[in-house]
Every structure is written in structure tokens, then in C-alpha cells.
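Novice: Please read through the structure below; I'll follow up with questions.
The values are calculated or read from the model by the stated rules, or taken from the named source; none is laboratory data. Note that the structure is a prediction, hence the values are computed from the model and not measured. Ideal geometry is used to build each Cβ from the backbone, glycine not excepted, and the neighbour counts take in all protein chains shown. When the accessible area is computed, the model is the full protein with side chains, heavy atoms only, and any ligands, DNA or RNA have been set aside. Shrake-Rupley method; radii C 1.70, N 1.55, O 1.52, S 1.80 Å.
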Amino acid sequence: MKIALLGYGKMGKVIERIALERGHEIVLKKSSANSFDGLETADAAIDFSIPDAAVENISQALNLGIPVVSGTTGWLEQYHNIAKLCEDKNGAFIYGSNFSLGVNIFFELNSHLAKMMRTLNQYKVSM
């Protein structure tokens, strides 16, 4: 798979290492210092940039018909615009506020606990 990394900080470098180990090709390592050259050749884009760059990064990929996974936080006031663009382009977009396995296990445990505690009115649970 040809991958465009939109954001080449700590997470971008980790994704690059894992992708290369698994036989994928990195066609773009986008940072504020370079252009989107090579994005059009990507099979997928992974955005772990900064809030000020995320909307443009995601938009550029969706406009080219490239599916995007984003883990960048701090830009969600524009989420509805990205969702609309994705729908208009018949594209693919996945956003996650946290890709940490441990945090996502905690989210699942919390959901399960909330279902268990819902019927126990004698307890007041808060976090």
C-alpha cells in the first residue's frame, strides 16, 4: 500500500517505521516545510498533524479521492465541513481522538461499567 503521512512528527515517524516493516511504501511525508507533491499517488493518507493543518490536509486528500484516517485533535469545530466534503466526494474518512490501545480498552471498560451500574440506583458513580 502507498501511504501519505500528513504530519511527520513523533506519531508520523512511528507509523512510517511500522508501515515500512510491513512492506508498505511511504509516498509523502507532509510537514509545514513541504508541499503535497506525491499525495495523488497514495492509496491512503494518515493524518497526525497539528490542528491548524489538519483541515487542509484532510481536504486535500479527500479532494483527490484518497481515504483518510486522522488522529489529530483540536480541529473538530470544522468536523462538519470535513464530513460534508467526504460525503460530497463519496470518500472515506475515519477520525479517532485517541489511538492508544490502553485508552481504547479503558473506553470499552467504562461503557461496560456504565451499563452494569445503570440499574443500581443506590450507587452514584462518577469519574
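Novice: Using modelled amide H (1.01 Å from N, peptide plane; none on Pro or chain starts), what sits under 5 Å from the amide H of F93, excluding residues fewer than 5 places away?
Specialist: Residues meeting the amide H criterion: V68.
Novice: Same structure again: Could you tell me which helices of the chain pass both thresholds, a Cα extent of 15 Å or more along their own axis and a mean Kyte-Doolittle hydropathy of at least 0.5, with helices taken as whole DSSP H runs?
Specialist: 101-117
Novice: Given H placed 1.01 Å from N in the peptide plane, which residues other than close sequence neighbours of T72 have an amide H under 5 Å from its amide H?
Specialist: S49
Novice: What are the trypsin sites (Lys or Arg not before Pro) within the range 92-127 that DSSP puts in a loop, where the Cβ has at most 10 other Cβ atoms within 10 Å?
Specialist: Listed in order of number, the matching sites are R118, K124.
Novice: Counting only protein heavy atoms and using a 1.4 Å probe, what share of the accessible area of the chain belongs to carbon plus sulfur, as a whole percent?
Specialist: Carbon with sulfur: 55 percent of the solvent-accessible area.
Novice: With springs only between Cα atoms under 10 Å apart, run a GNM on the chain and tell me which of E77, E40, E56 wobbles the most.
Specialist: Highest fluctuation of the listed residues: E77.
Novice: Can you put L120, L6 in order of accessible area, largest first, using a 1.4 Å probe?
Specialist: Result of the area sort, largest leading: L120, L6.
Novice: Then there's this: With a probe of 1.4 Å, find how much accessible area the chain has per residue, and write the answer as a whole number in Å².
Specialist: Accessible area per residue: 66 Å².
Novice: Further question: Roughly how much of T73 is accessible, in Å² to the nearest 10, using a 1.4 Å probe?
Specialist: Taking all protein chains as shown, T73 has close to 70 Å².
Novice: Same structure again: Considering only H112, H80, H24, give the residue with the highest GNM mean-square fluctuation for the chain, with springs between Cα atoms whenever their separation is below 10 Å.
Specialist: Maximum fluctuation in the GNM of the chain, among the listed residues, is at H112.
Novice: With a 1.4 Å probe and all protein chains kept in place, how much accessible area does F93 have, in Å² rounded to the nearest 10?
Specialist: Accessible surface of F93 is approximately 40 Å².
Novice: So if I take the alpha carbon set of the chain, get Rg, then get Rh from the Kirkwood formula, what is the Rg over Rh ratio?
Specialist: We get a ratio of 1.10 for the chain.
Novice: Of L113, L101, L62, which has the largest mean-square fluctuation in a 10 Å C-alpha GNM of the chain?
Specialist: In this elastic network of the chain, the residue with the biggest mean-square fluctuation among L113, L101, L62 is L113.
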